Amino acid sequence: MKKPEIKNRIRRFRFDNDEMTQQELAEKVGCTRQTIVALEQNKYVPSLTLALKIAKLFHTSIEDIFEIVE
Amino acid sequence: MTQLKQRAIGTLIIWGVVLSLFIPLFFSYGGASGYAMDRARILTMAVLFGAGYLLYFYMLYRTRTKDGVISDERDDTIVRKATGAALIITLAYIYFLSITLYEIYRDPGFLPVGWMWFFGYSAVFIGYISNSIAILVMDHRMSGHEEA
């Protein structure tokens, strides 16, 4: 069975929020910039905790940021 | 570069150098049998091993960071996967080395005791080196191209 891919719109949300930098986002959600870089390029799937922190920061739901691509 | 990656590279260099010095030191002048009876070589290797650990702890000290987030859940995931991979590699190494030595020394019926030194040291080196390589591979897989 093929593993479903998780895609996200973090980059879009960053730019919609005063062009927040990757470093700023990383500091606000408590991770490294490298993790944000990896997330935006769909190289890493975040934990539920980190996904919730990102969604909360952008005042939206997880579903608006992350989606499963079958 | 993350602290995890810096330390993986440092560990790989330190133990890679120690291993590359250990191999010729062990196999020169009579191999395992000669090594066990040569106190100078046993002492040299012990000093080399100690120096390796001193350098290793110095590298950990130099790469420590007090400010900002230095490790996060992605690093934890990389370490978890790399540790699992390194364990399998080290176990496989010990298994294949044991079987190889068994096949070589089956007819004589005894094993030169010097091989125990080789087992001990090389298992440590393989453990550290395989863990570092696994961290670098996992880090590469879970990394994107950074923006300028």
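The values are calculated or read from the model by the stated rules, or taken from the named source; none is laboratory data. A quick note: this is a predicted structure, and the numbers were derived from the prediction, not measured. Note that we place each Cβ from the backbone using ideal geometry, even for glycine, and neighbour counts take in every protein chain shown.
For segment A:9-46, taking the residues that are among the polar types (S, T, N, Q), assigned to a helix (DSSP H, G or I) and at the interface with chain B (Cβ under 9 Å from one of its Cβ atoms), the one that is farthest from residue A:63 (Cα to Cα) is identified as A:34. I'd like to know if segment A:56-70 contains one or more residues that are under 9 Å from the mean Cα position of the chain (by Cα) and surrounded by 16 or more Cβ atoms within 10 Å (Cβ to Cβ). Yes: one or more hits. Applying a threshold of 7 Å to beta carbon distances and a minimum spacing of six or more residues, or different chains, the list of pairs starting in segment B:70-95 at a residue that is over 10 Å from residue A:35 (Cβ atoms) and among the polar types (S, T, N, Q) and ending at one that is in a helix (DSSP H, G or I) and modelled with pLDDT of 95 or more reads B:83/B:131; B:90/B:123; B:90/B:126; B:90/B:127; B:90/B:130. Answer yes or no as to whether residue B:110 is outside any helix (DSSP H, G or I) and of a type in the set (Phe, Trp, Tyr). Yes. Would you please name the residue that is farthest from residue B:142 (Cα to Cα), looking only at residues in segment A:40-54 that are of a type in the set (A, V, I, L, M) and touching a strand residue (DSSP E or B) at 6+ places or on another chain (Cβ under 8 Å)? Only one residue fits best here, namely A:51. Note on segment A:12-38: residues that are touching a Leu at 6+ places or on another chain (Cβ under 9 Å) and exposed (fewer than 15 other Cβ atoms within 10 Å of the Cβ) total 3.
Do we find that residue B:76 is within 14 Å of chain A (Cβ to nearest Cβ), surrounded by 17 or more Cβ atoms within 10 Å (Cβ to Cβ) and among the acidic types (Asp, Glu) in this structure? Considered against the rule, which asks whether it is within 14 Å of chain A (Cβ to nearest Cβ), surrounded by 17 or more Cβ atoms within 10 Å (Cβ to Cβ) and among the acidic types (Asp, Glu), residue B:76 comes out as no.
Residues of segment A:47-60 that are more than 7 Å from every other protein chain (Cβ to nearest Cβ) and touching a helix residue (DSSP H, G or I) at 6+ places or on another chain (Cβ under 6 Å): A:51, A:53, A:54, A:55, A:57, A:58. Look at residue B:8 and say whether it is away from chain A (no Cβ under 14 Å) and either modelled with pLDDT under 90 or part of a helix (DSSP H, G or I) (or both). Taking the combined requirement at face value, the residue does not satisfy it.
Would you say residue B:90 is closer than 30 Å to residue A:44 by Cα, within 14 Å of chain A (Cβ to nearest Cβ) and either of a type in the set (Ser, Thr, Tyr) or outside any helix (DSSP H, G or I) (or both)?
On the way: closer than 30 Å to residue A:44 by Cα: yes; within 14 Å of chain A (Cβ to nearest Cβ): no; either of a type in the set (Ser, Thr, Tyr) or outside any helix (DSSP H, G or I) (or both): yes.
Spelling it out, it is not the case that residue B:90 is closer than 30 Å to residue A:44 by Cα, within 14 Å of chain A (Cβ to nearest Cβ) and either of a type in the set (Ser, Thr, Tyr) or outside any helix (DSSP H, G or I) (or both).
When residue A:6 is tested against (1) under 15 Å from residue B:73 (Cβ atoms); (2) more than 9 Å from every other protein chain (Cβ to nearest Cβ); (3) modelled with pLDDT of 90 or more, exactly one condition is not met: (3).
Exactly one residue out of B:143, B:122 is under 30 Å from residue A:34 (Cα atoms) and either away from chain A (no Cβ under 14 Å) or modelled with pLDDT under 95 (or both), and it is B:143.
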